[in-house]
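Have a look at the structure below before the remarks.
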Amino acid sequence: ADWFQFKGVKSTAMGVSVTTFPPITLAEERVTFVEVPGRSGSLTVTEGECVYDDIVLSVECLMKETSRLDAMSGWLRGRGQLVLGNRPGCYYRARVVNQIEIEKLMRGRPHRTFAVAFRCAPFRYQNPPASEIVFTGAGQLNNLCNVYSEPVITVTGSGTIELSIGGKTLLLDGVDGYITIDVPARLAYRDMTNQSFKLTGDWPVIPVGRSNLSWIGNVSRVDIQPNWRNL
């Protein structure tokens, strides 16, 4: 497992192999510790449920030849999905955050080493992603991961709809054919047109464990891309 994959491209296709993978790192919860006069210890104030800081994963690499150096330079920038060869069952949402010393790689050394630092969102997403779950009536969702998921939900129907997941209800007003609720993006749309103004309530999530899904209104089906993830 001497490879990583970024933006759908394996490192070995660029002539790059991995010499050292980063250690498995758990994200740090975002908290504030408040000292209260006259009180022993401190109060712990969290920013919300499951709010964590990004993690930085550094991959040590070896480039054996430089024929694809320009292509590699264009590839290792920006953001995309990161899969590590020693953990192929998950991917990270990552961005390259360090400068790679191209001059060092061009000096003609027989072993050209460098590191790539990826700043990643604090969750590991299932790879490959789970298939969409289709409901034509009330049912159950089963989140086997250790943190709630932020799904993408497409509701096919019309008019006013009350959608309930895990005991929380989202009101959809004026649905015309269908509406897609992209929770990670905090956006609702139809045919690429913003429909977020039709939503009232919190963005729906799938809690850990079993949760019920139901609706009230004219709905023919609900499609859910669950985006299962772990810390």
Fill in the blank from the handout: Counting only residues that are open to solvent by less than 30 Å² (accessible area, probe 1.4 Å) and either part of a helix (DSSP H, G or I) or among the aromatic types (F, W, Y) (or both), region 52-104 contains a total of 5
Problem - From V18, V59, V51, V45, residue being within 30 Å of D202 (Cα to Cα) and touching a Ser or Thr at 6+ places or on another chain (Cβ under 9 Å) - result: V45
Practice task
Test each condition in (1) surrounded by 14 or more Cβ atoms within 10 Å (Cβ to Cβ); (2) more than 30 Å from E29 (Cβ to Cβ); (3) at pLDDT below 95 for G108 and report the one that comes out false.
Solution key: (1)
Practice task
Report yes if I161 is open to solvent by less than 50 Å² (accessible area, probe 1.4 Å), of a type in the set (A, V, I, L, M, F, W, C), over 19 Å from P226 (Cβ atoms) and part of a loop (DSSP other than H, G, I, E, B), otherwise no.
Solution key: no
Handout entry: Unmet criterion (only one of (1) open to solvent by less than 30 Å² (accessible area, probe 1.4 Å); (2) modelled with pLDDT of 95 or more; (3) more than 13 Å from the chain's Cα centre (by Cα)) for P151
Key = (3)
Fill in the blank from the handout: The correct count of residues that are outside any loop (DSSP other than H, G, I, E, B) and under 23 Å from the mean Cα position of the chain (by Cα) in region 19-31 is 2
Handout entry: Any chance T169 is open to solvent by less than 50 Å² (accessible area, probe 1.4 Å) and outside any loop (DSSP other than H, G, I, E, B)
Key = no
Problem - Residue count for region 1-51, restricted to those that are closer than 16 Å to C120 by Cβ, aliphatic (A, V, I, L, M) and open to solvent by 80 Å² or more (accessible area, probe 1.4 Å) - result: 2
Handout entry: Meets criteria (modelled with pLDDT of 95 or more, among the hydrophobic types (A, V, I, L, M, F, W, C), surrounded by 14 or more Cβ atoms within 10 Å (Cβ to Cβ) and under 26 Å from V97 (Cβ atoms)) for C145
Key = no
Completion exercise
Of the candidates G48, G8, the one satisfying the condition of being under 19 Å from the mean Cα position of the chain (by Cα), among the small types (G, A, S) and at pLDDT below 80 is G48
Practice task
Scan V183, V175 and give me the residue that is more than 26 Å from L82 (Cβ to Cβ), surrounded by 17 or more Cβ atoms within 10 Å (Cβ to Cβ) and modelled with pLDDT of 95 or more.
Solution key: V175
Exercise for the section: Specify the residue that is farthest from R93 (Cα to Cα); the eligible residues are those in region 172-189 that are without any contact (Cβ under 8 Å) to a residue 24 or more places away in the chain and outside any strand (DSSP E or B). Expected result: R186
Problem - Boolean, G139 is more than 17 Å from V205 (Cα to Cα), touching a residue at least 40 places away in the same chain (Cβ under 8 Å), among the small types (G, A, S) and in contact with a strand residue (DSSP E or B) (Cβ under 6 Å, 6 or more places away or on another chain) - result: no
Completion exercise
Those residues of region 56-83 that are closer than 27 Å to E29 by Cα and touching a Leu at 6+ places or on another chain (Cβ under 8 Å) come to a total of 3
Exercise for the section: Check region 7-18 and report whether any residue there is touching a Leu at 6+ places or on another chain (Cβ under 9 Å), touching a residue at least 24 places away in the same chain (Cβ under 8 Å), in a loop (DSSP other than H, G, I, E, B) and closer than 30 Å to W228 by Cα. Expected result: yes
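The values are calculated or read from the model by the stated rules, or taken from the named source; none is laboratory data. Remember, it's a predicted structure, so these values are computed and weren't measured experimentally. In this analysis, Cβ positions are derived from the backbone assuming ideal geometry, glycine residues included, and neighbour counts consider all displayed protein chains. What goes into the accessible areas is simple: the full protein's heavy atoms, side chains included, and nothing from ligands, DNA or RNA. Shrake-Rupley method; radii C 1.70, N 1.55, O 1.52, S 1.80 Å.
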